[in-house]
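Enquirer: Sharing a structure with you now.
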Amino acid sequence: MRLPWNRKYMEIGFHVILTVLLLVGMIALLLRLSVAKNVILQTAGTFLAVFAPVFWAFFFTLLLEPLTAFWQRFYEKRCTLYHRSRIRNRKAGATLTYLSIGLILFLIGGFLARKIGQTNLSALTEQIGDYIRQAGDMLVLLNLKLAEMGILRNAEWIFSRWIEQATHWMQERMLWLADVIPNIGGSLLDVLLGAVVAFYLLMEKEKIRGIAGELSRVLLGEKITKHAKNLFHEVYTVFAGYLSGQLLDASVMAVLFSAAFTIVGLPHGILIGLVSGFSNLIPYFGAVMAFFLAVLAGLFSGAPMKAVYASVLILLLQQVDSIFIVPKAVGQKLELHPVLVLLSLAAFGRMFGFWGLLFAVPLGALCKNFVLWCYRRKKSDICQ
């Protein structure tokens, strides 16, 4: 029996196999070869440190573009036809955007300062110490009971091992803080410069886009400019859609968490709700943060049942978020399956740490769109 032979299918199969081998080789190079991994990460870290204000500027531009467009439309609707015809940029929209963001940050900062000022830190520290001592006493009693019953005779060694690992982890975190704190000033300066540059990017968006397009056509040609324009449009659409949708989701969850914790009677319920809600900027991390903070607050309040009630509400709110909020706010813009979300979080979080987790979903969406684009292009070539 003679099998059918199709050269185009063989070429596609060869390209697929070659692409998979290259991806496997790159992943192995990043994860297995420590020297190459360190060199790549150090180079990337240096590049990010040098151009940090530029990246912050693009980040703020993507984040604030929808709000700037809204305020600009709001301003132009209230202008006369004569003044509207004389508008050459979006200065009004960018200014109103920064004023509204500044007002929100001022109100949140004032609320947090008032809450922290009302907190008896010495009593809270003493209460935490009491809980730690009680936990230690419970471990000692558990060790004695297990020894009497003949279970886990080496339990003391196991507990000692746990304590040693916990101490080592704390030492590593303290060293990390000692390394990070001196760099906070430089990081704040990068953020401030990025915010200033973003203001001008938002204000002169159309002018900058026209100049960039003209330069690209002159230097690179019409064909490359067209492909670059499509690429930047795809990246912009994915990242802008993700950031705006994720910020909306985080804001809604912050309000819901704050209301739920206040109803339960948790101390500092609004503060815990705000922190938990905006932790939702990283998918699946907000629920973990909410559970951890709510349980701690419930235990420290002396009413453990509050922690139980808060945990039940967190589970319910997380289901509401997954079923109703995320599909409307983020899912319709990215169309990324939950399995691909988890794989993106695992891959990009492993490679790039915190920033990889924060931008794992849009990066995964870009990879998915690129694969679909390659598939459609090959399919159209075969059909022709």
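Enquirer: Any chance you could count how many residues in region 204-262 are farther than 30 Å from V312 by Cβ, of a type in the set (A, V, I, L, M, F, W, C), touching a residue at least 12 places away in the same chain (Cβ under 8 Å) and touching a Ser or Thr at 6+ places or on another chain (Cβ under 8 Å)?
Expert: Result for region 204-262: 1.
Enquirer: Let me ask another. Being surrounded by fewer than 21 Cβ atoms within 10 Å (Cβ to Cβ), touching a helix residue (DSSP H, G or I) at 6+ places or on another chain (Cβ under 6 Å) and over 26 Å from F239 (Cα atoms) is the filter here, so list the residues in region 266-296 that pass it.
Expert: P267, I270, L271, F291, V295
Conditions (1) over 20 Å from A254 (Cα atoms); (2) at pLDDT 75 or above; (3) surrounded by fewer than 19 Cβ atoms within 10 Å (Cβ to Cβ), marked per residue:
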residue	(1), (2), (3)
V312	no, yes, yes
L317	no, yes, no
A329	no, no, no
L372	yes, yes, yes
Y375	yes, yes, yes
S380	yes, no, yes
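Enquirer: When you scan region 296-305, how many residues do you find that are farther than 23 Å from A113 by Cα and either in a helix (DSSP H, G or I) or among the polar types (S, T, N, Q) (or both)? If you could, list the steps in order and put the result at the bottom.
Expert: Going through region 296-305, the residues farther than 23 Å from A113 by Cα turn out to be 299, 302-305.
Checking the rest, the ones that are also either in a helix (DSSP H, G or I) or among the polar types (S, T, N, Q) (or both) come to 299, 304-305.
Residues flagged as farther than 23 Å from A113 by Cα and either in a helix (DSSP H, G or I) or among the polar types (S, T, N, Q) (or both) within region 296-305 amount to 3.
The values are calculated or read from the model by the stated rules, or taken from the named source; none is laboratory data. Since the structure is predicted, the reported quantities are computational estimates derived from the model, not experimental observations. Cβ: placed from backbone, ideal geometry, glycine included. Neighbour counts: every protein chain shown.
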